[in-house]
Amino acid sequence: MRLKALLLALSFSLSFGAISQEVQLSPLSRISVLTCGSGSDLYTTFGHSAFRVNDPSLGIDVVYNYGTFDFNPPTFYFEFAQGKLLYALSRQKMDRFLNVYKYENRWVKEQILDLTLPQRQELFRFLEVNNRPENRMYKYDFFYDNCASKIWDVLREVYGEQLQLKEGYLKNLYTFRELIHQHLETNSWSAFGIDLALGSVIDKIASPKEHMFLPIYVMQQLEGSQLGGKPIAYATKTLLQTLPVKENNNFFLTPLFWLLIVLAIVWITTFIDFKKNKRSRWLDFALFVITGLAGCLIFYLWFLTDHTATVGNFNILWAFPLNLVLSFFLIRKKVAPKWLAGYLKVLMGFLVLMIVFGLFKIQVFSPLLLPILLALGVRYFYVLLQLRNSRTL
């Protein structure tokens with residue numbers, strides 16, 4: 001979803017003043033919903049939605065955009081990590097809005113809403129009141145409260161039960177994770193990172209309304225929804241089309257390539273260690289530090305933040321936080337603690353449990369995890385074998 005710096009958006013807002021307090025919309029006015037295509041950056045991958053108010057007789061052509069935020073490092077990163085990031089409604093000129101999407105080579109479609117003049121005035125007034133400084137901020141949630149879900153929420157707030165959701169507008173219902181992957185390549189860093197960070201809660205089937213956290217489903221829903229017994233959207237126009245772009249698919253930059261490199265390093269080093277009856281401490285230290293740090297991050301997102309989508313993340317079975325502590329035992333040559341063999345057996349059991357969870361779809365894991373699981377499984381087994389043959393690490 002297209003996210004713009006809040007300060008820039010607010011500067012646009014000031015140039016219009018309180019329109020609804022001064023002017024009533026004319027019969028020539030129109031209100032529409034804009035749906036924008038994906039961009040190349042992760043935060044634009046899922047598209048964008050916004051309202052457009054156009055009244056040529058009054059010279060009004062503005063976009064009401066619920067997808068703006070204040071990008072102010074390091075506050076932004078802290079609030080994002082905590083799940084406490086605030087988004088805001090902003091208002092800007094339509095031509096400036098379109099120029100951004102033209103520059104980014106993203107398509108824009110417009111659905112004109114079939115509203116009477118009083119209905120248009122009511123929606124316009126709501127947007128203007130919502131755009132006041134004391135009202136425009138809201139707590140962002142990727143799945144339940146974003147620029148796309150706001151479209152339906154605003155329409156329902158303004159028109160109440162007159163607005164009727166078409167429950168059967170989808171032939172198939174998808175899980176939240178499947179909906180995300182409709183916009184991502186599986187062998188991409190963004191998909192891999194999302195699958196690692198988000199938990200089992202996103203593997204449930206989303207309701208027709210919940211599909212509308214994605215702009216493309218808002219557009220599909222509006223095509224079949226009704227207001228007062230008649231279709232709410234009566235026309236769809238393409239305002240911008242994308243131009244052909246040459247794709248640059250470099251396998252050597254993908255996560256699968258680098259994970260296979262890690263797997264090869266672990267297996268080759270373990271084979272050499274086995275032949276020489278030794279243990280490469282640097283390798284064990286690296287593996288346990290990395291998995292421990294990853295586990296700490298998963299634990300943090302699961303238990304210590306306001307994020308709703310990071311709950312129940314069983315990636316913690318392979319990325320185990322206590323590995324970080326154990327790494328400092330493995331880097332030094334010393335007598336092995338008595339509990340270490342049992343700990344390694346537990347870690348190997350966690351890997352098996354993770355496979356079981358995946359098979360029964362308790363959580364759907366990234367297929368790119370397979371090299372990691374194979375590397376960890378082999379190394380855990382070898383270290384355990386070394387402990388049986390020697391009392392020292």
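For segment 181-339, count the residues as N, evaluate 2.2 N^0.38 Å, and divide the Cα radius of gyration by that value, please. Before the final figure, lay out the partial values.
On the way: Rg = 23.8 Å, N = 159, 2.2 N^0.38 = 15.1 Å.
Here the answer is 1.57, to two decimals.
Could you compute how fast segment 103-251 diffuses translationally, taking Rh as the Kirkwood radius over C-alpha pairs and applying Stokes-Einstein at 10 °C with viscosity 1.306 mPa s? Give it in µm² per second.
Value of D from the Cα-based Kirkwood radius: 90 µm²/s.
Could you work out what % of the accessible surface of the chain is carbon and sulfur, using a 1.4 angstrom probe and leaving DNA, RNA and ligands out of the count?
Values: 12380 of 19610 Å².
Solvent-exposed carbon and sulfur of the chain make up 63 percent of the total.
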message: Let's see if you can work this out: charge +1 on each Lys and Arg Cβ, -1 on each Asp and Glu Cβ, no other charges. What is the dipole magnitude of segment 191-242 about its Cα centre, in debye to the nearest 20?
response: 260
message: Based on alpha-carbon centroids, what's the gap between segment 174-193 and segment 61-121 in Å, whole number please?
response: 23
message: What lysines does Lys278 reach when the alpha-carbon gap must be under 16 Å and sequence neighbours fewer than 8 apart in one chain are set aside?
response: Lys333, Lys334
query: Hey, with R₀ at 35 Å, roughly what FRET efficiency would Trp107 and Lys278 work out to, going by the Cβ-Cβ distance, to 0.05?
result: 0.05
field: Column: log10 I(q)/I(0), Debye, Cα scatterers of segment 282-350, q = 0.18 Å⁻¹
entry: -0.69
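Take Tyr43, Tyr159 and sort them by solvent-accessible surface of the protein heavy atoms, 1.4 Å probe, largest at the top. All intermediate terms of the calculation are to be shown ahead of the outcome.
Details: Tyr43 100, Tyr159 10 Å².
Largest to smallest exposure gives the sequence Tyr43, Tyr159.
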- prompt: Based only on the alpha carbon positions, what is the Kirkwood hydrodynamic radius of segment 15-163, in angstrom?
  reply: 16.3
message: Please list log₁₀ I(q)/I(0) at q = 0.15, 0.20 Å⁻¹ for segment 37-111, using the Debye equation with identical point scatterers on the alpha-carbon positions.
response: -0.63, -0.99
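When 1/r is averaged over all different Cα pairs and the result inverted, which Kirkwood radius in Å belongs to segment 158-223? Spell out each step's value before the answer.
Values: mean 1/r = 0.0752 Å⁻¹.
Roughly 13.3 Å, rounded to one decimal.
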field: Non-local Lys pairs in segment 29-180, i.e. 8 or more apart or on different chains, that have alpha carbons under 23 Å apart
entry: 10
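Ordering Tyr174, Tyr103, Tyr382 from largest to smallest accessible area (1.4 angstrom probe), what's the sequence? Display every interim value, and only then the final one.
Numbers: Tyr174 70, Tyr103 200, Tyr382 10 Å².
If we order Tyr174, Tyr103, Tyr382 from most to least accessible, we get Tyr103, Tyr174, Tyr382.
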Tail fraction, Cα-Cα pairs, the chain, threshold 32 Å, whole percent: 46
task: Name the shape class, rounded, prolate or oblate, that the alpha-carbon gyration tensor gives for segment 199-254, where a ≥ b ≥ c are the square roots of its eigenvalues, rounded holds for a/c under 1.5, and otherwise prolate holds if a/b is larger than b/c and oblate otherwise.
output: oblate
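Report the local net charge at Pro133: Lys and Arg +1, Asp and Glu -1, summed over other residues whose C-beta lies under 14 Å from its C-beta. The partial results should precede the final answer.
On the way: positive: Arg91, Arg132, Arg136; negative: Asp70, Glu128, Glu134.
So the surrounding residues net to 0.
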task: Report, in debye and to the nearest 20, how large the dipole of the chain comes out about its Cα centre when Lys and Arg carry +1 and Asp and Glu carry -1 on their Cβ.
output: 1960
- request: Work from the charge dipole of segment 111-158 (Cβ charges, +1 for Lys and Arg, -1 for Asp and Glu, about the Cα centre) and give the residue of Asn146, Val158, Phe124 farthest towards its positive end.
  value: Phe124
Simple spin-label estimate for Val325 and Ser57 in nanometres, 7 Å along Cα-Cβ: 7.4
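In debye, nearest 20: dipole of segment 128-221 around its Cα centre with unit charges on the Cβ of K, R (+) and D, E (-)? Don't skip to the answer; put the middle values down first.
On the way: 10 positive and 13 negative charges, 21 e Å.
The dipole magnitude comes to about 100 debye.
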Positive-end residue of Met137, Gln221, Val325, charge dipole of the chain with Cβ unit charges: Val325
field: Spacing of the two label points (7 Å from each Cα toward its C-beta) at Trp189 and Asn249, in nm
entry: 2.0
message: Using a 1.4 Å probe on the protein heavy atoms only, what accessible surface does Ser190 show? Give it in Å² to the nearest 10.
response: 40
- prompt: What Kirkwood hydrodynamic radius, in Å, does segment 238-327 give when the mean of 1/r is taken over all pairs of distinct Cα atoms and then inverted?
  reply: 16.5
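Per-residue ellipticity at 222 nm for the chain, helices alone: DSSP H runs ≥ 4 residues times -39500 (n - 2.57), over residue total, nearest 500 deg cm²/dmol? Present the calculation step by step, with values, prior to reporting the outcome.
Working: 14 runs with 174 residues, N = 393.
Value at 222 nm, helices only, nearest 500: -14000 deg cm²/dmol.
The values are calculated or read from the model by the stated rules, or taken from the named source; none is laboratory data. Remember, predicted model here, so these are calculated numbers, not experimental data. Here Cβ is always computed from backbone atoms with ideal geometry, including for glycine, and neighbour counts include all displayed protein chains. Accessible surface is based on the protein model in full, side chains and every heavy atom, while ligands, DNA and RNA are left aside. Shrake-Rupley method; radii C 1.70, N 1.55, O 1.52, S 1.80 Å.
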